[in-house]
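Colleague: My questions all concern the structure below.
Throughout, read-outs are computed from the coordinates displayed, never taken from laboratory work. Every value quoted in this text rests on a predicted model; they were computed, and no experiment measured them. Cβ sites come from the backbone with ideal geometry, for glycine too, and all protein chains shown count toward neighbours.
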Amino acid sequence: MEERIVIVGAGQAGGELAAGLRKQGYKGRVLLLGDEAHPPYQRPPLSKGFLQGKVSLSDLYLKPLATYERFEIELKTGTRVEAIHRSSRELSLGDGSRLGYDKLVLATGGRARPLNLPGLEGARPENLFALRSISDVEAMRGRFVPGGKLVIIGGGYVGLEVAAVAVQLGLEVTLLEAAPRLLSRVTGPEVSSFIERLHRERGVRFRLACEVRGLELDEARRQVRGVSLAYHGVPELLEADLVLVGIGLIPNTELASAAGLAVDNGIVVDEYACTADPDILAIGDCANQPSAYTGGRIRLESVPNAIEHSRVAVATLMGKREPYAAIPWFWSDQYGLKLQMVGLSTGYEQCVTRGSAEGKEFSAFYLKDRRVIAADVIGRPAEFMAAKRLVSSRVEVDATRLGDAAVPLNSLAA
Ligand code: FAD
């Protein structure tokens, strides 16, 4: 019988993997199962151009539908996988049927972390949103009207990108963050202040180091009326027409753990994307993998990681062994300004900046042991490739020359 690879999760990683198998000449059957109503699509525009109405639905799709036909990829949308039966190599599907596999790839991504606040139990307010999918944007977009009061809980990339879109659409935006600065887990104070200033200039209000205490609901518990918080110890109630919660992601690992696979902040895989079961792989946001860059294990949530991880899985499934070796990188767009980050700055000893924060064109390099371990490049896309090379080459650099915009970055990476 023809060999069958089944991919669970028709997202960025699953979509790339299915197409990648065909591009590499895989001849068996490829089944791509996803519980959403859409073919694989890009999520980054959800909090940017798609929310703003500048990107259409079909532009979100990774590939036109005809490509799946041409590649003989059996795409089954609206199909949820409920369980994995490893002994018989079968899956239980949402409609009660079973489906056999020879190789299984879990590309189940993650879901938005819910807000657990007292008083919210059992309530499903219509104007309380998270942002992970097309249907989330479709549910909230009609409420993005000029003058509307939007409260965003969480000062990560998704919250900040939505804030940027919302103020440009004329909403009054207040962003609440528990940490004393924005993006505190992923960047240094220089870049946090820059981002805060960028948003303040456009009218976004912030409550940093604040504690969200609860949501005020209407009597029917169908609408949020306000958000109560403590700011510098002082209680405050913010009126809200809509509330967006952007406090991170929970990886979808339940299928794997119920099937007895190891899970530890993601489905545990090796550098070839393999779980301990030789017939099951896991890729993308749901997977926790060894990182040649950090020397430890890591779970990344980014498009470049989903693409690279699917490439590694294609190689594994085609019988070639190509370990994951890419350096983490990410981008964000706010007010038309491109922010690009490479590496992880955790544990840096010195931050060297280059360019002009006032001119909204600058880079921040994070050094440890005289080596650049990470960089944030803002409004200087031409510098990003060189920044990537600096991080990956691990060469020692002279901090003074690094900070001198007249010295070509490439000459430091050489
Ligand atoms: P996903 O794309 O989440 O796909 C997983 C799919 O599996 C989903 O469709 C899910 O519904 C489905 N699924 C789960 N369980 C099952 C099941 N049991 N049965 C069937 N189907 C199932 N990254 C960047 O690099 N740059 C950005 O600017 C950026 N912006 C972003 C903005 C937003 C609003 C969001 C939400 C993400 C953003 N990301 C960005 C992150 C990036 O989109 C993700 O890292 C990427 O989508 C991960 O791909 P994935 O395939 O692992 O997961």
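Colleague: Say we join alpha carbon atoms closer than 10 Å with springs in a Gaussian network model of the chain; which of 350, 334, 12 then has the biggest fluctuation?
Modeller: Greatest mean-square fluctuation among the candidates belongs to 350.
Colleague: Can I ask one more? Would you work out the relative contact order for segment 91-204, in percent, from Cα pairs under 8 angstrom that are 6 or more residues apart?
Modeller: Here the relative contact order equals 18 percent.
Colleague: Follow-up question, since we're still on this one. With an 8 Å Cα cut-off and a minimum separation of 6 or more residues, compute the relative contact order for segment 1-92 in percent.
Modeller: It comes to 32 percent, rounded to a whole number.
Colleague: Tell me what the chain gives for mean residue ellipticity at 222 nm when only DSSP H runs of n ≥ 4 count, each as -39,500 (n - 2.57), the sum divided by the residue total, rounded to 500 deg cm²/dmol.
Modeller: Here the helix-only value at 222 nm equals -7000 deg cm²/dmol.
Colleague: Search the structure for amide H atoms under 5 Å from the amide H of residue 338, placed 1.01 Å from N in the peptide plane, and list their residues when 5 or more places away or on another chain.
Modeller: Sorted by chain and number, the residues that satisfy this are 379.
Colleague: Measure out, as a whole number of angstrom, how far apart the alpha-carbon centroids of segment 385-412 and segment 298-316 sit.
Modeller: 27
Colleague: Using alpha-carbon positions, what is the distance between the centroids of segment 250-291 and segment 106-163, in Å?
Modeller: Taking the Cα centre of each part, segment 250-291 and segment 106-163 sit 27 Å apart.
Colleague: Can I ask one more? Which trypsin sites (Lys or Arg not before Pro) in segment 168-201 sit in a loop by DSSP (not H, G, I, E or B) and have at most 11 other Cβ atoms within 10 Å of their own Cβ?
Modeller: Of the trypsin sites (Lys or Arg not before Pro), the ones in loops of segment 168-201 whose Cβ has at most 11 other Cβ atoms within 10 Å are 185.
Colleague: In addition: Going by a ≥ b ≥ c, the root eigenvalues of the Cα gyration tensor, does segment 41-133 fall in the rounded group (a/c under 1.5), the prolate group (a/b larger than b/c) or the oblate group?
Modeller: Note, shape of segment 41-133 comes out oblate.
Colleague: With a ≥ b ≥ c the root eigenvalues of the C-alpha gyration tensor of the chain, is it rounded (a/c under 1.5), prolate (a/b larger than b/c) or oblate?
Modeller: oblate
Colleague: Moving on. Listed highest first by mean packing, meaning other Cβ atoms within 10 Å per residue, what order do 146-159, 74-87, 378-391 come in?
Modeller: Top of the packing list down: 146-159, 378-391, 74-87.
Colleague: Which order do the peptides 402-413, 116-127 come out in when sorted by mean C-beta neighbours inside 10 angstrom, highest first?
Modeller: The densest-packed peptide leads the list: 402-413, 116-127.
Colleague: Based on the alpha-carbon gyration tensor of segment 227-365 and its eigenvalue square roots a ≥ b ≥ c, which shape applies: rounded if a/c is under 1.5, prolate if not and a/b is larger than b/c, or oblate?
Modeller: It is oblate, given that a/c is not under 1.5 and a/b is not larger than b/c.
Colleague: With θ set to phi - 60°, apply the Karplus curve 6.51 cos²θ - 1.76 cosθ + 1.60 along segment 216-221 and write out the HN-Hα couplings as whole Hz, x wherever there is a Gly or Pro.
Modeller: Couplings: 8, 9, 6, 4, 6, 6 Hz.
Colleague: If you don't mind, there's one more thing I want to ask. Assign unit charges at the C-beta atoms only (+1 for Lys and Arg, -1 for Asp and Glu), then state the dipole size of the chain relative to its Cα centre in Debye, rounded to the nearest 20.
Modeller: With Lys and Arg at +1 and Asp and Glu at -1, about 600 debye.
Colleague: Highest mean first, what order results for 276-282, 304-310 on Cβ atoms within 10 Å?
Modeller: 304-310, 276-282
Colleague: Between 257, 97, 291, find the one with the highest GNM mean-square fluctuation for the chain; connect C-alpha pairs within less than 10 Å.
Modeller: Comparing 257, 97, 291 in a Gaussian network model of the chain, the most mobile one is 97.
Colleague: Among the helices of the chain (complete DSSP H runs), which have Cα atoms covering no less than 18 Å along the helix axis and a Kyte-Doolittle mean of at least 0.5?
Modeller: Long hydrophobic helices here: 303-317.
Colleague: I would also like to ask the following. Return the long-range amide H neighbours of residue 100 (sequence gap of 5 or more, or a different chain), with a cut-off of under 5 Å between placed amide H atoms.
Modeller: 91
Colleague: Another question, then. With the crude spin-label approximation of a point 7 Å out along Cα→Cβ, what separation in nm comes out for residue 400 versus residue 54?
Modeller: 4.2
Colleague: With an 8 Å Cα cut-off and a minimum separation of 6 or more residues, compute the relative contact order for segment 212-298 in percent.
Modeller: The value is 15 percent.
Colleague: Can you list the lysines whose alpha carbon is less than 24 Å from that of residue 149, not counting same-chain residues fewer than 8 positions off?
Modeller: 48, 54
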